[in-house]
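The values are calculated or read from the model by the stated rules, or taken from the named source; none is laboratory data. Here the structure is a predicted model, which means the values were calculated and not measured. Backbone-built Cβ (ideal geometry, glycine too); neighbour counts: all protein chains shown. The accessibility values were calculated without ligands, DNA or RNA, using every heavy atom of the protein model including side chains. Shrake-Rupley method; radii C 1.70, N 1.55, O 1.52, S 1.80 Å.
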Amino acid sequence: MTLKRCFIWLMGIIKTASDKTISEAALLLKDGDLVVIPTETVYGLAANALNSEAVAKIFKAKNRPNFNPLIVHVADIDAAQEIAEFNARALSVAGEFWPGALTLILKAKKDSGISDLVSAGLDTIAIRVPAHKVARALIKQAGVPIAAPSANASGEPSATTPRHVNDSLGENAPFILGAGACNVGLESTVLDLSEATPKILRPGAITAKDLEPYLGLVDYDLGHKDASKEEVKSPGQILKHYAPSIPVRLNAIDLNPDEALLAFGPIKFMGIKGGGSAANLVDTAIRNLSEDSDLTQAASNLFTMLRDLDSVENKGIAVMAIPNEGLGIAINDRLSRAAEG
Ligand code: TXA
Ligand code: MG
């Protein structure tokens, strides 16, 4: 085999989303194969949630521990109600925020036909109606609920472009439905409504403030890296997450030599220890999440820029402080996990 052919064999095929490729993908899903799909948050590694063999392929392809449950993606609230027990609170937020970047954790219905692997033995299920038009068209055509975690190897940053999917999963994601960069760029907000107090288990673009008019007080329960498997509400919280291969340092006010800079806002006054200015860093050592300090722009750039800076030229990544409000809460959550990794 030539080097070039070998290279192609190790990569997935990126197929630009069109009516034809969406139909192709729908057939693959129905047949029990994996397909990478674009969503408004991040790319997802999708399988037919009714088919245990197909769902098992997801865990294998990502090298994901089987105790970490998956999100089921459906077309609308009616389809969601076939899978989960909706209470009044769930109906009100679903009505307001779906389709969109909100995942609800609800008690699972027992006879829904969803593979037991999806919930990893919990009596709850994570469910969301994505807003991306390609994802929506695909779910409708496939006619089955779709289990899909983020399309990256377990522990790596989520993929927000088809290239990132390929870099992370290679031949383990053979069919990628490509539709450019994901709009939001951060994974959905995970909201647990299975107990008395609504809790955000993973912050995202939809914040506690957005949800409180519908739910009253919303708590955060973001887990802790030292918590045991039994203590956490969301199994994904205890895993090493979103981590580049070099150290990540937060709230940096200056740089160490050979450290790359992930900036937020103006960098005019940022210096390098021992002499030098961040403004003179080479291109491979600097990215700015948003020169205008815009949190929406920063969220959509976060994973791409972390990947860009995660290179052999850099000894670490220093990240400037990001305000801990609105979307900044979700950005800081991902960054603090990256720093722990
Ligand atoms: O934006 C997103 O949510 C993307 C796109 C593809 O939809 N998906 C995604 O999936 O980020 P994943 O598997 O990477 O993250 C799902 C998170 C994990 O932390 C998992 O532990 C948690 O949701 N989760 C899933 N089911 C749960 C359940 N029944 N109870 C508590 N947490 C659950
Ligand atoms: Mg993930």
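What the table shows:
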read-out	value
Helix 52-62 axis, angle to the chain major axis (alpha carbon atoms, nearest 10°)	0 degrees
Förster radius 56 Å - calculated FRET efficiency between GLN141 and LYS209, Cβ distance, rounded to 0.05	0.95
Segment 248-340, Rg to Rh (Cα coordinates; Rh as Kirkwood inverse mean 1/r)	0.93
FRET efficiency, PHE67 to ALA321 (Cβ-Cβ, R0 45 Å, nearest 0.05)	0.85
For the chain, built as a Gaussian network whose Cα springs stay under 10 Å, the top-fluctuating residue of SER168, SER194, SER277	SER277
18 Å cut-off, amide nitrogen to a point 7 angstrom out along ILE77 Cα→Cβ, residues in segment 178-215	191-194, 211-215
Net lengthening on full extension, LYS20/LYS109 (0.36 nm per residue, minus Cα-Cα)	28.6 nm
Helix-only [θ]222 nm of the chain, DSSP H runs n ≥ 4, -39500 (n - 2.57) each, per residue, nearest 500	-9000 deg cm²/dmol
Gap separating the Cα centres of segment 146-179 and segment 60-134, nearest whole Å	20 Å
FRET E, pair ARG249, ASN280, Förster distance 22 Å, beta-carbon r, rounded to 0.05	0.65
Share of alpha-carbon pairs per 10 Å distance bin for segment 92-156, given as whole %	17, 45, 36, 2
Where only C-alpha atoms are counted, convex hull volume of the chain per residue in Å³	138 Å³
Heavy-atom accessible area order for ILE13, ILE267, largest first, 1.4 Å probe	ILE13, ILE267
With Cα atoms, 0 to 90° folded angle of helix 327-340 axis to the chain main axis	70 degrees
Fraction of accessible area attributable to carbon and sulfur, the chain (%, probe 1.4 Å)	52 percent
Contour minus Cα-Cα distance for ARG163 and GLU291 (0.36 nm per residue)	43.6 nm
Accessible area per residue, Å², segment 3-220 with all protein chains present, probe 1.4 Å	42 Å²
Inter-probe distance in nm under a simple model that places probes 7 Å from Cα toward Cβ, at ALA120 and LYS268	4.7 nm
